[in-house]
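In what follows, a single structure is set out as structure tokens and then discussed.
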Amino acid sequence: MSGAWSWVFAGGEQVWSPGFYRLLGLAPNAAKARYDLLLSLIHPEDRHLMPAMADIRQGHVPREVIVRVIRTNGTVRTLSLTMEVRFSAEGRPVALNGTALDVSDREQMARLRHEERRRQGALYLTEHITTFSMGLDLIRDIPIAVSQVHGLPIEEICAEPYLLIVPEEREAFRAAALEQIERRAFFQRTAHERLANGDLWHFRILTMPVWDPDGTYLGRCGLKYPVRNHVPPTVALQEGLEQSVTGHHLRAAGSPRLVDDESRPGQRPVAFHGAASGGGQRASGKPLPLAGGRGAAPGGCPLHCHRRWDPGGRPDLSDTRARPANARDPSCRAAPEPDSARGPP
């Protein structure tokens, strides 16, 4: 909804369009158009954003202000008010023209995004867990808290996130990730990262493609979390991870579909389940096990880390997809799950 308003300084005449009245919650022409009436309807905390009458008459007005309006029925709407002063040939201000646009939904979404980013930052600062996204330009949208924890500029991390990985693992991880990005397929791999305080942490990083309902590729969303030694996550953490992975990036992309490879745009979203690191294995779409136990990933995470088993039901130790080469580094704060904790799938 939009509206227009004007004020001729010489005669003091002010005119509001029917749309402007409705934006303010008033019936058209139910009240005489007056600037002081407009100010009275603006939220008390926002009135300082509006120019004073004396300033308007002198031609000093802001180009745009975003203010909340409290309607007569008690509802609150957010309006974008633009103002422009008209001047005479001699340079004297003679009139004010303005437009108004209801931006309540846009501002609410901005507040929600800000709050979600605040929660994301708190989660990474305390648990080193985060979700992120990547656009078609390959630039990642990563919480600023990652920069704080690792001690690197956020601009560098968003452009080249592989800088977080220790040098001896970096190139192999980059090559595997770029291959799956090119294929628009599910990706999963572990890596060690050095924090700003010198600690070495072992992380699992997953990304998958995002499509809109029409099958247009929009980019990728991802999840990063520490690999722990068979410590079941709390119920709250489980729910938070599920909501972050299956909800946040989908809503931001306009309810696209998640698929496990590039061949199925538009199908029902599948869970992060059963895809091996860079292997192109399809997700099964089975119910997600959220507690630690047989077949679950380390720490009871709702993400399967499949491993090969020999005919006798014993783990194939040559399959190291879920085990980093230097997992026994004593400075590593999160070790992989021991073989004894695993069972046949």
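Each reported figure results from applying straightforward, stated rules to the coordinates on display, with no laboratory input. What you see is a predicted model; the values in this text were computed from it and never measured. Because the Cβ atoms are built from the backbone with ideal geometry, glycine has one as well, and the counts that use them run over all protein chains shown.
In whole percent, what relative contact order does the stretch 138-216 give with Cα contacts below 8 Å and a gap of six or more residues?
Relative contact order here is 24 percent.
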*asked:* Roughly how far apart, in whole Å, are the Cα centres of the stretch 1-52 and the stretch 169-223?
replied: 52
*Can you list residues whose amide H is under 5 Å from His43's amide H, if they're 5+ apart or on another chain and H is modeled 1.01 Å from N?*
Arg68, Val69, Ile70
*³J(HN,Hα) computed for each position of the stretch 27-33 - Karplus, 6.51 cos²θ - 1.76 cosθ + 1.60, integer Hz, glycine/proline x*: 6, x, 6, 6, 9, 5, 5
*Taking amide hydrogens as modeled 1.01 Å from N in the peptide plane, which residues meet the under 5 Å criterion relative to Ala95, leaving out close sequence neighbours?*
Phe9, Arg86
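With only alpha-carbon atoms in the gyration tensor, what are the semi-axes of the equivalent ellipsoid for the stretch 1-75, in Å, largest first?
Largest first, the stretch 1-75 gives 20, 16, 11 Å.
With r as the distance between the Cβ atoms of Met1 and Leu37 and R0 = 25 Å, compute the FRET efficiency 1/(1 + (r/R0)^6) and round to 0.05.
Values: r = 19 Å, r/R0 = 0.75.
The computed FRET efficiency comes out at 0.85.
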